[in-house]
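Just below is one structure, and these are the notes that go with it.
The values are calculated or read from the model by the stated rules, or taken from the named source; none is laboratory data. Note that the structure is predicted; figures quoted are calculated from it, not measured. Note that we place each Cβ from the backbone using ideal geometry, even for glycine, and neighbour counts take in every protein chain shown. In case anyone asks, the SASA skips ligands and DNA or RNA and just uses the protein heavy atoms, side chains included. Shrake-Rupley method; radii C 1.70, N 1.55, O 1.52, S 1.80 Å.
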Amino acid sequence: MVYFAKISNVGDNGLKTIGRVILAAVLLAVSALLMLLAKSAPDAIFGFYTQFSRAALDVIGRVTGWVPFALWEALLALIILWALYTLVRSFEKKRPLRWLAGLFLGVSALAFAFVALWGLNHYDRDVGEKLGLSVREYSVQELTDATAFYARELSRLAPELPRDGEGAAQFDEFSQLAARAGEGYTALGEQYELFAGSTAKVKRLTAWQLYSRFGTTGIYVCLTAEASVNPDTYVAWLPFTMCHEQAHGKGVAAEDGANFCAYLACMENSDVQFRYSGALAAFVYCSNALTKVDSAAAGEIWAQLDPGALSDIRAANKHYAQYEGKVQDAAQKVNDTYLKAFSEEAGVQSYGEVADLLIAWYQERT
């Protein structure tokens, strides 16, 4: 009787292992099918998906918003601890394959939830099209004009901020900025449907030392609808970074689009700290693009920049230089792979393509 009981137990374990693998494979196949449909037939997907995604994120965000810390960080820690505990137990019971199958199923379930809830937004129309901007290829002169405009905007705002003895701008505490980060999107929501609805609450990343080493200033986690920002981000970039992560909560998946939305939200905010941060980011993105094609023109614009703004840019460069190295390079490669997997062909370089949107916006305004 004992002999047959052991055989039966082995058979049950094998069936459970196979069942987990099959279910995981189904979830991955459905995820791949959804991605294929979104890429090849976007009109058939996004009529429904965009509204569904934003509504679902809104509901989830209202629930998780009551938690004062980044809930996803705590959940991730618990998942890791549970995985380690069950791994040890699997060896004690001689079921390592069953544990691996369970891990495969868990990862597949999370991947499916990500794609179904938010990931397909990577294949949606870009922000420029949604806002009615005519984005095209621009001449060097057009880029120069736009860069000069954002430089003037930055220099106009720079004197409005208090500064320390080294000329660097002083900003409010993280929590105070986070409480006001959604104001700009509220104003934009009255003009554009893209920005309507609630905005994800900005939360502080707990393990910020680790994220600084990875070169990560913020993360948007759709499974908990939380916009999380690294408090170690250089202070003048904090408001802009907060608005960038909130843009992802509006269904804007592309990095260049999120950067442009962050600029718009900053400039619509009544707090000068946000407007200055947005102007700083716009100038830096356009200036970097101009430097690549006409360094002389970029140098002339830099020479006319407000000294306070120059101090902030230099201080930011010095702040981030301390984290440069192999760890950050590896993290950038991972992010690059992720972006390219969802049709952002430029990968991490798409962070610089916001210049095209900024030029189009400048021309629209002038």
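Rounded, prolate or oblate for region 47-152? Axes are the square roots of the Cα gyration tensor eigenvalues, ordered a ≥ b ≥ c, and the cut-off for rounded is a/c under 1.5. Prolate shape, in that a/c is at least 1.5 and a/b is the bigger ratio.
Dividing the summed -39500 (n - 2.57) terms of all DSSP H runs of n ≥ 4 by the residue count of the chain sets its mean residue ellipticity at 222 nm at -22500 deg cm²/dmol.
Scalar couplings 3J(HN,Hα) for region 41-53, obtained by applying the Karplus form with A = 6.51, B = -1.76, C = 1.60 to θ = phi - 60°, are 9, x, 4, 7, 9, 7, x, 9, 4, 4, 5, 4, 4 Hz; x denotes Gly and Pro. With respect to the chain, whose longest principal axis is taken over its alpha-carbon atoms, helix 307-321 is tilted by about 30°. Averaged over its residues, the chain has an accessible area of 51 Å² per residue, based on protein heavy atoms and a 1.4 Å probe.
Backbone amide hydrogens, once placed in the peptide plane, bring K203 within less than 5 Å of A227, S228, V229, excluding anything fewer than 5 places away on its chain.
Mean sequence separation of contacting Cα pairs (under 8 Å, at least six apart), scaled by the length of the chain, corresponds to a relative contact order of 22 percent. Could you tell me what percent of the DSSP beta bridges with both partners in the chain are antiparallel, to the nearest 5? Around 60 percent of the beta bridges assigned by DSSP in the chain are antiparallel ones.
Beta bridges from DSSP with both residues in region 139-235: antiparallel share about 60 percent, rounded to the nearest 5. In terms of its alpha-carbon gyration tensor, region 147-241 comes out oblate; a/c meets the 1.5 threshold, while b/c is at least as large as a/b.
Peptides 152-163, 235-246 ranked from most to least packed give 235-246, 152-163, packing being the mean of other C-beta atoms within 10 angstrom over each peptide's residues.
Relative to the longest principal axis of the chain, what angle (0 to 90°, nearest 10) does the C-alpha long axis of helix 71-92 take? Between helix and principal axis, roughly 30 degrees. Just round it to a whole percent: the fraction of Cα-Cα distances in the chain exceeding 30 Å. Counting every Cα pair in the chain, those more than 30 Å apart make up 44 percent.
Packing around the peptides 136-148, 181-193, taken as the average count of other Cβ atoms within 10 Å per residue, puts them in this order, highest first: 181-193, 136-148.
Kindly identify region 56-117 as rounded, prolate or oblate by the Cα gyration tensor criterion: order the square roots of the eigenvalues as a ≥ b ≥ c, call it rounded if a/c is under 1.5, otherwise compare a/b with b/c, prolate if a/b is larger, else oblate. Since a/c reaches 1.5 but b/c is at least a/b, the shape of region 56-117 is classed as oblate. For the chain, the number of Lys pairs separated by eight or more positions or lying on different chains, with C-alpha atoms closer than 19 Å, is 11.
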